[in-house]
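What follows is a short report on a single structure.
Here, each number is a calculation from the coordinates, and none is a lab measurement. Keep in mind that what you see is a predicted model, and the values were worked out from it rather than measured. When we count neighbours, we look across all protein chains shown, and the Cβ atoms used for this are built from the backbone with ideal geometry, even at glycine.
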Amino acid sequence: MSATWQELRRARPRARFARWTGAFAALLALYAWTLGPMDFGDLFSERRLTNLERFLQVEIVPPEVRRGETTWAAWAAERIGGRNGLALARTLGAAVLAAALAAAAGAGLSLWTSRTALAARTPFERAEVEGRRGLAGSAARLLCVFMRALPEYLVAFLLGAFLPDPAWAAVLALSIHNAGILGRLFGETLENLDQRPARAWSAAGAPRLTAALGAQGPAALPRWLTFFFVRFETCVRESTVLGALGFVSLGHWIVQERAAGRYDEVLLLVAMGGALVVAADLASWAIRRWIRG
Amino acid sequence: MSAPQAPPRLGRRGRTLLGIAAAALLAAILLGLGPTGLVPRGAGLELMRELGGAALDPALDYEITPPPGAEPFLARVASNLWSTVLYAAAAMALALLLGALLGLAAADVTWERHGGVAPPLARGVQWAVRVWIALLRSVHELLWAILFLAALGLNPAAGVFAIAIPFAGTIAKVFSELLDEAPRDAGRALVALGAGAGPALLVGVVPRALPDLASYAFYRFECALRSAAVLGFFGAPTIGQSVALSFENAQFHEMWSYVYSLVGLVIVVEALGARLRRSMS
């Protein structure tokens, strides 16, 4: 007997939770735009539009360019080296170091966030580790959730209050947030691997940690490297603003120049940050491609 | 006949790992980082102790008597969180709209015609959109906020636009990749039956990618909450502003209450996102 299309329609799988979530999200967005913080009357007021006009026509144009003494390109070329070039290098340096530290911490955490990496594989191990392993796994997953829930800027703000070196505050803030993300992603990678090689190592007498590192490490590495480079791109992006908290990098000079009212310099530094992010994205893409061969 | 070459001692992945370690070491040297920079001393050590003690005992009420008529402390925390949610929701609504349109324009599947080849003009438009997306993503939301603050002054809409612009770029990039990875069999079947390319895309391909698109949009909302909170450090009335103010006033117990409430909110949104993924899979 064939079903009518109404019957088929009624019988189709429906994700009620997804529908309710979608409806709630739409209502929330509507509320935010109509009754929320947006004040369009003020945004398009005469005063704001005059501000915008002055900003675009006067403040972001270097005085030398306004007077016709030089061109935009020549003006920018003069300023890309020296102090600004060093700030760019320090911004990149903080991102590289933070991503590497986050990957190392994430790899360590993943042994516990994964439900399989250090799990008992033989009856002897099962009796010994079952309860302890579950508790440590839950603690590690909770720690990762907490680490990634904290915005990097907020962590850098708090660490910068008591660490003597603001560069460490920026690097650690980036590392902590990204270690929380990588700890989870690396752990999920380990869980999704074929578990038979690790079982074979354990059956041959290898301790659990040796079996996890020796049998699963090489298989997990390609995926881990992909995640590392994706997070590295994010670190570069975030690193451009953490200088606002005292770490001498692009963000630091952006805040300084803004305080001095030199918006032409601000715009140049923002553009340098944007170029760094694009270059890091391209480099990361090229390296991932090269690794794949 | 040439002699067989010995395989390299270190493969590409091994060399990449070594490269990362070397780059990290160089970065530490460039930044002048040493172990002494990690050890708080004097006033820093005292502050760390105070912050650490307060972290274990977050406030449930104001630390000093508030002015008459002030709302209860927990109501203030809730209203700060609500304000953060509204900023994030307004920004995400705009970013999703822009990101979805740009993502469609940047996806290969949108432009492919019979035989899987896009016309040259379409390829040109697609690459122009991809460059535009890269530019949108390249500037951090706080830098947009600084520029808007300078151009327009303090206005909530400027904060919302500051988050929405880079988020639209990121959403567009990921949406285009998800659309290209979605199965195309239903879309091709519709074209074979005589449907136009547009309807075949919207009815045959987009619904197949919808669970992943919705899941990613939810993740971005979580990121938008964090960004909206941080905008508070630049003057927006979100929870970050209360964190900064209570820190400046040395009301560390209150500060941790704000921090924990933000963490709690992000964790709830993450849990909802995980449930959404499960319900759509």
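Worth a mention:
- Long-range tail of P(r) for region B:73-280 (Cα pairs > 21 Å, %): 60
- Computed from Cα atoms, the angle from the helix A:217-242 axis to the main principal axis of chain A rounds to 20 degrees.
- Shape category assigned to chain A from the gyration tensor of Cα positions, a/c cut at 1.5: oblate
- Only one residue of A:Leu250, A:Phe227, A:Gly68 has its Cα farthest out toward the positive end of the dipole of chain A, where Lys and Arg carry +1 and Asp and Glu -1 on Cβ, and that residue is A:Phe227.
- Pairs of alpha carbons in region A:181-284 whose separation is greater than 17 Å (percent): 65
- Taking A:Glu53, A:Glu191, A:Glu257 in turn, the Gaussian network model of chain A (Cα-Cα springs below 10 Å) assigns the largest fluctuation to A:Glu53.
- The translational diffusion coefficient of region A:151-203, from Stokes-Einstein at 25 °C and 0.890 mPa s with a Kirkwood hydrodynamic radius over alpha carbon pairs, comes to 185 µm²/s.
- Of the residues B:Cys223, A:Cys144, the one with the fewest other Cβ atoms within 10 Å heads the list, and the complete ranking is B:Cys223, A:Cys144.
- Tail beyond 19 Å, pair distance distribution of region B:227-281 (Cα, percent): 39
- Taking the Cα centre of chain A as reference, the dipole from Cβ charges on Lys and Arg (+1) and Asp and Glu (-1) amounts to some 1440 debye.
- Near B:Ala70, once Lys and Arg are set to +1 and Asp and Glu to -1 for all other residues with Cβ below 15 Å from its Cβ, the sum equals -3.
- Averaged over the residues of B:89-96, the number of partner chain Cβ atoms lying within 10 Å of the residue Cβ comes to 5.
- Pairs of Cα atoms nearer than 8 Å and 6+ residues apart set the relative contact order; for region B:140-281 it is 20 percent.
- Most mobile of A:Ile254, A:Ile176, A:Ile80 in a GNM of chain A (Cα contacts under 10 Å): A:Ile80
- Angle in degrees between helix B:42-55 and the longest Cα principal axis of chain B, rounded to the nearest 10: 80
- Under Karplus coefficients 6.51, -1.76 and 1.60, residue-wise ³J(HN,Hα) of region B:9-18 in Hz, glycine/proline x: 5, 10, x, 5, 5, x, 5, 5, 4, 4
- Dividing the mean sequence gap of close Cα pairs (under 8 Å, 6+ apart) by how many residues chain A holds gives a relative contact order of 22 percent.
- Using the alpha carbons alone, the radius of gyration of the protein assembly as shown stands to its Kirkwood radius in an Rg to Rh ratio of 0.99.
- Structure remark: mean-square fluctuation, Gaussian network model of chain A, C-alpha springs under 10 Å; the largest value among A:Ser249, A:Ser202, A:Ser114 belongs to A:Ser202.
- Take the Kirkwood radius over Cα pairs of region A:1-120, plug it into Stokes-Einstein at 20 °C and 1.002 mPa s, and you get 94 µm²/s for translational diffusion.
- Between the Cα long axis of helix B:252-280 and the first principal axis of chain B there is an angle of about 20°, rounded to the nearest 10.
- Computed magnitude of the charge dipole of chain B (debye, nearest 20; Cβ of K, R +1, Cβ of D, E -1): 1340
- For region A:177-194 versus region B:177-248, the inter-centroid distance based on Cα atoms is 22 Å.
- Estimated 222 nm signal from helices in chain B, with DSSP H stretches of n ≥ 4 weighted -39500 (n - 2.57), rounded to 500: -24500 deg cm²/dmol
- Given +1 at the Cβ of Lys and Arg, -1 at the Cβ of Asp and Glu and no other charges, the dipole of the protein assembly as shown around its Cα centre is 2320 debye to the nearest 20.
- Taking every alpha-carbon pair under 8 Å whose residues sit at least 6 apart, chain B reaches a relative contact order of 24 percent.
- Local electrostatic count, A:Tyr263, Cβ distance below 9 Å [Lys/Arg +1, Asp/Glu -1]: -2
- The equivalent ellipsoid of region A:159-241 has semi-axes of 34, 15, 8 Å, largest first, where each one is the square root of 5 times an eigenvalue of the Cα gyration tensor.
- Per-residue Karplus couplings for region A:139-154, computed as 6.51 cos²θ - 1.76 cosθ + 1.60 with θ equal to phi - 60°, are listed in order as 4, 5, 5, 5, 4, 4, 4, 4, 4, 7, 6, 7, x, 4, 4, 5 Hz, Gly and Pro entered as x.
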